[in-house]
Amino acid sequence: MERFPRRDRLLFLSSIAVPHQIKLCEALQPYFDAEFWFYEHPDRTRGAWWRIDLGPNCRVLDQVRFVPSGLLQGRYVVTGLSRLIEDFDPDVVMLGGFSIPANYSAYRWARRNGRRTVVLTERSRDSKGHLRSNGPAWRAIRHLYRDVDLVMTTSEDIVPQFRDEFGFGDAVVAGRYAADIDDYLNHPIRGAKDAYTLLFANRMTEIYNPIGAIEIFAAVRDRHPGTRLAMNAAGELGSRCRQRIDELGLAGDVEFLTGLKSWEDLSDVYAHSDILILPACFSNGNFTILEAMASGMGVVVSDRVLGVGTLVEDGKNGFRCAPTTDAFVERVERYVRDPSLFEDHAIRNRSLVAPLGVAGTARFYADLLAERLRA
């Protein structure tokens, strides 16, 4: 397929300088003169160990204000952004989300200068996890972005919300984030052991149900002494989780992942874990699932995890079930009773997720943008 000429420039504005995006920028270089600009480092929300070298084509912008309250709460405003964009002079402007004022400023620059515009977006839900309908806020956004060339959703199941509910129509296409999983594909596939390590890799926040994960682990450990739990150490429910662990007498069997010094350390966490558990009450989808699938782990995820969570088919390449203790324990025990499932699921999963890595996603973006934005 014909792609954009090498001379064409792609600017992607995104909130946080996470490794997946930085590596995607470098993987896009054969297809575009690409630069990724971010509004902040990952330290505030994810921890300093998420920082990697930005390389020659990424930058964290100066003069960024993070609005803490009011109508623009949690939004980024950038002084002098139009001048910076003018200096780079991109052919395509890609934006990570609709509702950031700085993104809209970049969109307006692109429209004034006749450049193509793309918005990459997750599904839109309210604070209770319910899908938003086409209310006043989204009608306003639709009007503001009425000339956008392409709306790229982060998974296929989000397309109807933006195409039909919000009225962006044929401008909507299914896309994805890049997953930094290439190294994980080289981990040894798990097998029979005297005792297994469960991994709760997501933040200790309400929607991911970390208390539920602790209850699941306690039930598994009661049946299979020696089982251990490795647990993400970040999140506002940390004190409650530690209290529940103490109440259940699990302190000696749970390891909080506080020793991570660099992004590369995360790969080792997966390599030394056996079964991912994600009993989320809701999630748009998580890299943790792709990382576990690529790593050759067993995978047990909630049926309320959307997006990449739907790649897991219950009993086929992992387990997907209601986020209850009984349902999760029963499926964890299937791996314990029949360790051959590790290899069976890993073979299926690795072929499924390998194209979703950084290099594969760069090719996907190049082909998609060439097809949809070709003059």
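The values are calculated or read from the model by the stated rules, or taken from the named source; none is laboratory data. A quick note: this is a predicted structure, and the numbers were derived from the prediction, not measured. Because the Cβ atoms are built from the backbone with ideal geometry, glycine has one as well, and the counts that use them run over all protein chains shown. Keep in mind that these areas ignore ligands, DNA and RNA; they rest on the heavy atoms of the full protein, side chains included. Shrake-Rupley method; radii C 1.70, N 1.55, O 1.52, S 1.80 Å.
Would you list, by chain and number, the lysines whose Cα falls below 20 Å from the Cα of Lys261, excluding same-chain residues fewer than 8 positions away?
Within the straight-line limit of under 20 Å, Lys261 reaches these lysines: Lys23.
Along its principal axes, what span do the Cα atoms of the range 203-338 show, with the longest given first and each in whole Å?
Rounded to whole Å, the extents work out to 35, 35, 26 Å.
Would you kindly give the portion of the calculated P(r) for the range 39-175 that falls above 22 Å, as a percent of all Cα pairs?
45
Might you tell me the accessible area per residue for the range 188-316, computed with a 1.4 Å probe and given in Å²?
Ligands and nucleic acids excluded, the figure is 39 Å² per residue.
What base-10 log of the normalised intensity I(q)/I(0) is obtained for the range 281-321 from the Debye formula, alpha carbons as equal point scatterers, at q = 0.15, 0.20 Å⁻¹?
-0.27, -0.49
Measure off, as a whole percent, the carbon and sulfur share of the 1.4 Å-probe accessible area of the chain, all protein chains present.
48
Grab the DSSP H runs of the chain that are 4 residues or longer, score each as -39,500 (n - 2.57), total them, divide by all residues and round the 222 nm result to the nearest 500 deg cm²/dmol.
-10000 deg cm²/dmol
Using just the Cα positions, wrap the chain in a convex hull and report its mean projected area in square nanometres, one decimal place.
18.6
Dividing the alpha-carbon Rg of the range 176-271 by 2.2 N^0.38 Å yields what?
It is 1.15.
Would you mind putting 125-138, 201-214, 44-57, 105-118 in packing order, based on average other-beta-carbon counts within 10 Å, highest first?
201-214, 105-118, 44-57, 125-138
If the elastic network links every pair of Cα atoms under 10 Å, which of Thr258, Thr121, Thr324 fluctuates the most in the Gaussian network model of the chain?
Greatest mean-square fluctuation among the candidates belongs to Thr258.
Order of 85-96, 29-40 by packing, highest average Cβ count within 10 Å first?
In decreasing order of mean packing, 85-96, 29-40 become 29-40, 85-96.
Normalised by the residues of the range 126-200, what does the relative contact order come to in percent, with Cα pairs under 8 Å and at least six apart?
Rounded, it is 26 percent for the range 126-200.
Hand me the GluC sites (Glu not before Pro) from the range 257-362 located in a DSSP loop with no more than 16 other Cβ atoms within 10 Å, in residue order please.
Sparse-neighbourhood loop GluC sites (Glu not before Pro): Glu313.
Which percent, to the nearest 5, of DSSP beta bridges fully inside the chain are antiparallel?
Given both bridge residues lie in the chain, the antiparallel proportion sits at roughly 10 percent.
What FRET efficiency would be calculated for the residue pair Asp326, Asp62, taking the C-beta separation as r and a Förster radius of 45 Å, to the nearest 0.05?
Efficiency, rounded to the nearest 0.05: 0.30.
Please report the relative contact order for the range 233-375, taking Cα pairs under 8 Å with a sequence separation of at least 6, and give it as a percent rounded to a whole number.
Relative contact order of the range 233-375: 18 percent.
Over all alpha-carbon pairs of the range 334-375, lay out the pair-distance distribution in 10 Å bins, whole %, shortest bin first.
Reading upward from the zero bin: 25, 28, 22, 15, 8, 1.
If eta is 0.692 mPa s and T is 37 °C, what Stokes-Einstein diffusion coefficient results for the range 109-177, Kirkwood Rh from Cα pairs, in µm²/s?
Roughly 263 µm²/s, to the nearest whole number.
Using Cα pairs closer than 8 Å and at least 6 residues apart in sequence, work out the relative contact order for the chain, in percent.
Here the relative contact order equals 16 percent.
Once both labels are modelled 7 Å past Cα along the beta-carbon direction, what's the Ala251-Asp126 spacing in nm?
Once both label points are built, they end up 4.2 nm from each other.
For the chain, with only Lys/Arg (+1) and Asp/Glu (-1) charged at the beta-carbon, what is the dipole magnitude about the Cα centre, in debye rounded to 20?
1080
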